[in-house]
Amino acid sequence: MGFDAVRGPDTYGSGCMPGCKRMFEWFQRTYDAGSLGCYNPASLGGKSLHAEGRAMDIALDARDPHDRERGDAIFAIVMAHPQVFGAQEMLWRGYLWSWQRRGEGKRGPGIQQADHMNHVHLGIDVDAAKNWTEDWLEGLELDDPEDLDMDGNSLEIHVVHALEEALRNSDKVKLLLARVFLDALKSEQGQAALREALK
Ligand SMILES: [Zn+2]
């Protein structure tokens with residue numbers, strides 16, 4: 001469970017595998033997301049889970065705050081309950097998670113390979129790709145996206161987001177800097193960085 005090596009196009013038939021298709025549709029419905037496709041035999045020269053029809057590209061725009069929140073919610077729920085989805089690998093706005101290295105939690109931000117700004121990529125194992133139905137979700141509670149803090153204590157990402165916004169609307173600069181400061185105070189890493197800066 002959780003990991004099946006890529007064998008290449010049409011190993012399990014062609015097209016999006018039936019369980020993968022059902023799960024993909026469920027994500028689109030539940031998170032009001034779009035589709036950038038599932039099956040692509042040519043993806044990575046046939047070495048992608050898309051080539052076997054067991055990966056889905058859930059379309060959300062990481063640059064849009066509302067979309068980003070929903071993408072983060074998908075990432076968080078899958079990472080918290082990988083067995084429920086048969087999750088094998090997941091990529092989203094510089095974050096990477098894999099079943100094989102699940103002990104490390106999410107990796108990132110800033111991972112080049114995971115630089116997916118217009119969709120969440122979710123690849124699943126063969127069992128889920130064949131058999132997944134909504135019954136697998138029984139007992140699962142979907143977290144309120146408002147409560148999720150994908151970027152955790154990463155001071156760097158807060159600063160980057162704040163500066164991006166500040167550049168768009170210079171009137172907000174003071175407010176945004178205040179927010180970065182307050183966010184930074186919530187984390188040990190941030191506190192250390194501030195102490196260093198204020199020396
Ligand atoms: Zn993909």
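Among the residues of the stretch 18-37, is there at least one that is more than 23 Å from Glu141 (Cα to Cα) and free of Cβ contacts under 8 Å to residues at least 40 places away in the same chain?
Scanning the stretch 18-37 turns up at least one residue that is more than 23 Å from Glu141 (Cα to Cα) and free of Cβ contacts under 8 Å to residues at least 40 places away in the same chain.
Considering only the stretch 7-30, state which residues are in a helix (DSSP H, G or I) and not acidic (Asp, Glu). Walk me through how you get there before you give the answer.
Pass one, the stretch 7-30, residues in a helix (DSSP H, G or I): 18-30.
Within the stretch 7-30, Pro18, Gly19, Cys20, Lys21, Arg22, Met23, Phe24, Trp26, Phe27, Gln28, Arg29, Thr30 qualify.
Which ones in the stretch 122-138 are surrounded by fewer than 23 Cβ atoms within 10 Å (Cβ to Cβ) and either within 16 Å of the ligand (Cβ to nearest atom) or among the β-branched types (Val, Ile, Thr) (or both)? Steps first, answer last, please.
Quick first cut of the stretch 122-138, residues surrounded by fewer than 23 Cβ atoms within 10 Å (Cβ to Cβ) only: 126-127, 130-131, 133-138.
Correct list: Val126, Thr133.
Quick test of your reading of the structure: Tyr39 fulfils all but one of (1) hydroxyl-bearing (Ser, Thr, Tyr); (2) surrounded by fewer than 19 Cβ atoms within 10 Å (Cβ to Cβ); (3) within 13 Å of the ligand (Cβ to nearest atom). Name the failing condition by number.
Every condition holds for Tyr39 apart from (2).
Just one of Gln100, Gln88 is under 19 Å from Val126 (Cβ atoms) and in a loop (DSSP other than H, G, I, E, B); which is it?
Going through Gln100, Gln88 in turn, the sole match is Gln100.
Give me the residue from the stretch 45-63 that is at pLDDT 95 or above, assigned to a loop (DSSP other than H, G, I, E, B) and among the charged types (D, E, K, R) and, out of that set, farthest from the ligand (Cβ to nearest atom).
In this case the residue turns out to be Asp61.
Determine if the stretch 68-89 includes at least one residue that is away from the ligand (no atom under 14 Å from the Cβ), basic (Lys, Arg) and over 23 Å from Gly8 (Cβ atoms).
Yes: the stretch 68-89 contains one or more residues that are away from the ligand (no atom under 14 Å from the Cβ), basic (Lys, Arg) and over 23 Å from Gly8 (Cβ atoms).
Out of all the residues in the stretch 18-69, which are of a type in the set (Ser, Thr, Tyr) and touching a Gly at 6+ places or on another chain (Cβ under 6 Å)?
Tyr39
Does the stretch 40-56 contain at least one residue that is of a type in the set (A, V, I, L, M, F, W, C) and touching a Lys or Arg at 6+ places or on another chain (Cβ under 7 Å)?
Scanning the stretch 40-56 turns up no residue that is of a type in the set (A, V, I, L, M, F, W, C) and touching a Lys or Arg at 6+ places or on another chain (Cβ under 7 Å).
Just give me the residues in the stretch 65-93 being among the polar types (S, T, N, Q) and surrounded by fewer than 19 Cβ atoms within 10 Å (Cβ to Cβ), in sequence order.
Gln83
Any residue that is surrounded by fewer than 21 Cβ atoms within 10 Å (Cβ to Cβ), in contact with a helix residue (DSSP H, G or I) (Cβ under 8 Å, 6 or more places away or on another chain) and at pLDDT 95 or above - is there at least one of those in the stretch 94-109?
yes
With the structure loaded, tell me whether Ala128 is in contact with a helix residue (DSSP H, G or I) (Cβ under 6 Å, 6 or more places away or on another chain) and modelled with pLDDT of 85 or more or whether it fails that test.
Yes; evaluated as a whole, the condition is true for this residue.
The values are calculated or read from the model by the stated rules, or taken from the named source; none is laboratory data. All values derive from a computational prediction rather than experimental measurement. We place every Cβ from the backbone using ideal geometry, glycine too, and count neighbours over all the protein chains shown.
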